[in-house]
1. Taking the Kirkwood radius as the inverse of the mean 1/r across Cα pairs, report the Rg/Rh of the stretch 143-242.
2. By count of other Cβ within 10 Å, fewest leading, how are Ser194, Ser41 ordered?
3. What is the set of long-range amide H partners of Leu214 at a cut-off below 5 Å, with H atoms built 1.01 Å from backbone N?
4. Of the GluC sites (Glu not before Pro) in the stretch 228-311, which ones lie in a loop per DSSP and count no more than 16 other C-beta atoms within 10 Å?
5. Compute the angle between helix 3-28 and the longest alpha-carbon principal axis of the chain, please, reported from 0 to 90 degrees and rounded to the nearest 10.
6. Pulled fully out, how much extra length does the chain show between Ser248 and Arg31, if you take 0.36 nm times their separation in residues and subtract their Cα-Cα distance?
7. Helix 143-154 versus the longest principal axis of the chain: what angle, 0 to 90°, nearest 10, using Cα atoms?
8. Rank these for me by crowding, His244, His130, His302, going from fewest to most other beta carbons within 10 Å.
Amino acid sequence: MSRGGLGRRWGRLALGLLILFLAACEAGDTRAVTVVGTPDSPRLRQLVAGLEEGLAPRRLEVVTLPPYGEEGPGTLRRLRAARPPLFIVLGTPVLMMLAPMEKRLPIVFAMVGNPYFSDAAWDPHRPGFHQRNVTGLASPPPVAPALKQGTALFGPRPWGLLFDPLDGAALEVSQAFERTARELGLPAVMAQASGPEEDREALGRLLDQGAKVLYLPPASTTARYAAAVLRLGQERRVMVVNGHPEISGPGAILTVTLDYEALGREAAALARRVLAGESPAGIPLQETQPLRMQVDEALLRHWAGYPAPGR
């Protein structure tokens, strides 16, 4: 055999061995992906179920942290020392803890309404401008879809919102509510309250001001007065639109929340790209709102007999 033919043969053999080596490395990388979230909640567990489905057969190490105190940063330091192939961060508090301390290991985040409050990203008008080892999915609360769907179902009736101004998530929802109502030309009134006694008075003010639809916002403080609002819906005194994924029961004519399992599958697809070698630095942040909607047909039939204002 000629020297040239022998060289080509060895070249093909070396290429084949390299391909086999790379495939073996990929197949042999069975390290678990570290998933860190806060707070532990039904929505977080639904999102993790979506991640498990989307990343199978890759193993996940799921850790939940308290949103405040020293336990969270200490646990994150321990997890970083293990050098996982990827961090998946669920929730703004964990993103705000991990992003400043970890600048090398890749991070994918989800269940974050506004990442621009964290050190991971800086300009909502430039989604590609973010910390180089971080990318993820921003999922703002679905306020606009709730108002749009409600208006499509029962017309442009006056909406009302009760919120706690000391709750950051509730304050953000109130701003989106006011902005969306203005864009849709909806009459809207809002009332603030920071405790049970104030809640009762504020609900009375909303009714006195003519609110015909009450919106339950996706914020932790909503649980304080949700039962009273749903009772008004059951009594058919107002229509209730529920935007809180962990509040249920009769009384809401329409429920519009994020679909957290679907969000988990979307986050898994993004994580797969990073695990395959794509740099987070080159992946712009994305905004997504997979929705779950439910209509109470009996309440809808009842209110269908009531004309909207101006009709």
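Each reported figure results from applying straightforward, stated rules to the coordinates on display, with no laboratory input. Bear in mind the structure is a predicted one, so any value in this text is a computation, not a measurement. Glycine also receives a Cβ, built like all others from the backbone with ideal geometry; neighbour counts cover every protein chain displayed.
1. Working: Rg = 12.2 Å, Rh = 13.2 Å.
Value, to two decimals: 0.92.
2. Values: Ser194 15, Ser41 18.
With the sparsest Cβ surroundings first, the list reads Ser194, Ser41.
3. HN-HN under 5 Å from Leu214: Gly160, Met239, Val240, Val241.
4. Numbers: sites: Glu235, Glu246, Glu261, Glu266, Glu278, Glu287, Glu297; in loops: Glu235, Glu246, Glu278.
Answer by residue number: Glu235, Glu246, Glu278.
5. Approximately 40 degrees, to the nearest 10.
6. Values: separation 217, 0.36 × 217 = 78.12 nm, distance 3.83 nm.
Contour length minus Cα-Cα distance gives 74.3 nm.
7. So the inclination is approximately 50 degrees.
8. Working: His244 20, His130 24, His302 13.
Result, fewest neighbours first: His302, His244, His130.
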